[in-house]
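Novice: Below: one structure in structure tokens.
The values are calculated or read from the model by the stated rules, or taken from the named source; none is laboratory data. On a predicted model such as this, the values are computed, not experimentally measured, just so you know. All Cβ positions, even for glycine, are placed from backbone atoms using ideal geometry, and neighbour counts span all protein chains on display. Quick note on the areas: whole protein, heavy atoms, side chains included, nothing else; ligands and nucleic acids left out. Shrake-Rupley method; radii C 1.70, N 1.55, O 1.52, S 1.80 Å.
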Amino acid sequence: MTGSLLQLTSSPPHQQLTVTVPAEGVALTGKIQVPGDKSISHRALMLGAIAQGETRIQGLLLGEDPRSTAKCFQAMGVNVSNLEDEWVTVQGVGLGNLQEPADVLDAGNSGTTLRLMLGLLASHPDRFFTVTGDGSLRSRPMGRVITPLQQMGATIWGRQGNRLAPLAVQGQALKPTHYYSPIASAQVKSCVLLAGLLTDGATTVTEPSLSRDHSERMLQAFGADLTVDQANCTVTVNGPATLTGQTVIVPGDISSAAFWLVGAAIIPGSELVIENVGINPTRTGVLEALQAMNADITLENERLVTGEPVADLRVRYSQLRGATFSGDLIPRMIDEIPILAVAALFAEGPTVIKDAAELRVKESDRLAVMAAELNRLGANVTELPDGLEIPGGLSTLQGTTVDSFTDHRIGMSLAIAALRAQGTTTVQRAEAAAISYPTFLATLEHVCHH
Ligand code: S3P
């Protein structure tokens with residue numbers, strides 16, 4: 001526990017987190033759990049909604065993003081129990097039985113909600129839908145899912161030539177397609193597969209390298225006729241499908257665990273055990289990257305829980321080394337690159353991250369924002385068109401005021417960076433953490449010792 005190390009002040013609608021590191025520094029120690037995986041939480045709610053019968057979900061992430069998914073499907077007539085329940089239940093209406101919502105569906109900050117849901121809406125016969133989101137989501141590219149859906153015959157209108165939300169969708173029967181996605185994106189892949197559920201025949205997606213495969217695993221568990229050709233990054237769903245409600249136990253989110261993996265790896269004297277973390281191989285790029293940087297991370301108690309591999313992760317401080325990351329590894333650690341950049345500051349030698357231009361269209365432009373905010377703290381990060389160059393070799397940062405730009409992962413990355421800054425660091429708009437990790441601050445308080 002920390003005394004005055006952390007302070008949260010409110011100036012509605014925003015909150016500032018102030019981190020004051022004592023001269024002797026802090027260490028992160030203890031045994032913790034992280035909240036449920038965001039990707040799996042969205043998918044459990046969505047597949048539960050369109051399946052026949054009841055789906056029971058344990059460990060659902062109570063962040064703002066899955067709450068947006070739950071609200072959208074409730075607005076289409078799906079009965080979802082209290083999200084705070086130990087077991088959340090979803091009474092599936094069956095494929096093709098969503099009700100036409102009486103108002104605009106609001107996906108909030110959540111790209112996964114909007115993009116995955118769009119596949120279901122566009123293929124849904126005889127219903128009209130309008131969908132929107134917050135300022136960040138309304139600026140994020142939707143053409144990447146509208147293009148394949150149009151290839152299937154979908155009718156979708158959106159701002160700026162059908163590229164931006166708000167969107168209007170006239171649901172109708174679609175025709176199957178083989179879509180070759182130009183980007184490795186689980187949201188694009190999942191959108192097309194979900195559209196394929198109600199579509200007669202074989203709908204296939206091929207991506208340039210493998211993105212997270214939670215949709216494929218869960219669709220198979222719910223009974224969809226789905227074939228995966230992983231070597232060729234190709235998935236086919238045969239529609240029309242019948243899905244049956246299932247039990248889903250959501251593992252801890254490795255993207256949330258990443259903040260603690262890096263925190264403990266860069267702060268001398270630290271040792272953390274993070275229990276019950278999902279280690280699906282399409283998500284473990286951050287483990288491989290940190291291990292390549294000489295991080296001391298071990299996996300314990302590996303097991304399979306409702307179709308997803310899970311382990312406890314033990315991480316101890318060690319002197320990191322710089323490394324270069326690019327290619328197929330990038331989609332497997334796409335959400336962890338901001339916190340990996342923090343790790344790289346304290347490594348011996350430079351770290352270069354390439355092929356990560358996708359970060360420019362996340363909840364914020366994560367390349368621009370991370371470079372600017374880390375440099376405010378005294379780093380010397382260079383923004384590349386598709387990545388970051390981080391010289392490494394720092395022993396400390398200088399506390400100052402930085403901003404999350406309302407991006408949850410930026411806010412939490414900066415809070416971890418602040419633990420290795422001298423003096424006081426203020427993270428503005430720190431409330432963004434609640435999108436994916438509402439208990440981040442409580443855990444930070446719990447593991448920080450000085
Ligand atoms: C997600 C896929 C990724 C990831 C996002 C969640 C998902 O996005 O960044 O946080 O649940 O499918 P892209 O598919 O755009 O890469």
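Novice: What number, in percent, do you get for the relative contact order of region 239-298 if the mean sequence gap of Cα pairs under 8 Å and at least 6 apart is divided by its residue count?
Specialist: Values: 27 pairs, mean separation 21.4, N = 60.
Here the relative contact order equals 36 percent.
Novice: Return a whole-number percent for the relative contact order of the chain, with Cα pairs under 8 Å and 6 or more residues apart as the contact set.
Specialist: Values: 1144 pairs, mean separation 82.5, N = 450.
With pairs under 8 Å counted, the relative contact order is 18 percent.
Novice: Treating only the Cβ of Lys, Arg, Asp and Glu as charged (+1, +1, -1, -1), what charge dipole size does region 161-230 show about its Cα centre? Round to the nearest 20 debye. Walk me through the intermediate numbers first.
Specialist: On the way: 5 positive and 6 negative charges, 53 e Å.
With Lys and Arg at +1 and Asp and Glu at -1, about 260 debye.
Novice: Setting aside same-chain residues fewer than 8 positions from Lys189, which lysines have a Cα under 29 Å from its Cα?
Specialist: Result set, ordered by chain and number: Lys38, Lys71, Lys175, Lys354, Lys362.
Novice: Highest mean first, what order results for 130-136, 286-292 on Cβ atoms within 10 Å? Intermediate results must be reported in sequence, preceding the final value.
Specialist: Details: 130-136: 17.6, 286-292: 20.7.
Ranked by mean Cβ neighbours within 10 Å, highest first: 286-292, 130-136.
Novice: Let me ask you something else. Suppose only helical runs count, i.e. DSSP H with n ≥ 4. What mean residue ellipticity at 222 nm does that imply for the chain under -39500 (n - 2.57) per run, divided by all residues and rounded to the nearest 500 deg cm²/dmol?
Specialist: -8500 deg cm²/dmol
Novice: Computed from the mean reciprocal separation of all distinct C-alpha pairs, what Kirkwood hydrodynamic radius does region 1-152 have, in Å?
Specialist: Values: mean 1/r = 0.0562 Å⁻¹.
Value: 17.8 Å, from the Cα pair sum.
Novice: Ranked from highest to lowest mean number of other Cβ atoms within 10 Å per residue, what is the order of the peptides 62-69, 154-161? Show your work: numbers first, answer last.
Specialist: Numbers: 62-69: 23.6, 154-161: 15.0.
Listed from highest to lowest mean packing, they are 62-69, 154-161.
Novice: Next question, about the same structure. Return the carbon/sulfur percentage of the accessible area of the chain, one whole number, probe 1.4 Å, all protein chains in place. Please list the in-between numbers first.
Specialist: On the way: 7510 of 15530 Å².
For the chain, the apolar C and S fraction of the accessible surface comes to 48 percent.
Novice: For region 38-249, with every protein chain kept in place, what is the accessible area per residue (1.4 Å probe, Å²)?
Specialist: Working: 7400 Å² over 212 residues.
Heavy-atom accessible area per residue stands at 35 Å².
Novice: In µm²/s, what is D for the chain at 4 °C and 1.567 mPa s, where D = kT/(6 pi eta Rh) by Stokes-Einstein and Rh is the Kirkwood radius from Cα pairs?
Specialist: Details: Rh = 22.1 Å.
The Stokes-Einstein estimate is 59 µm²/s.
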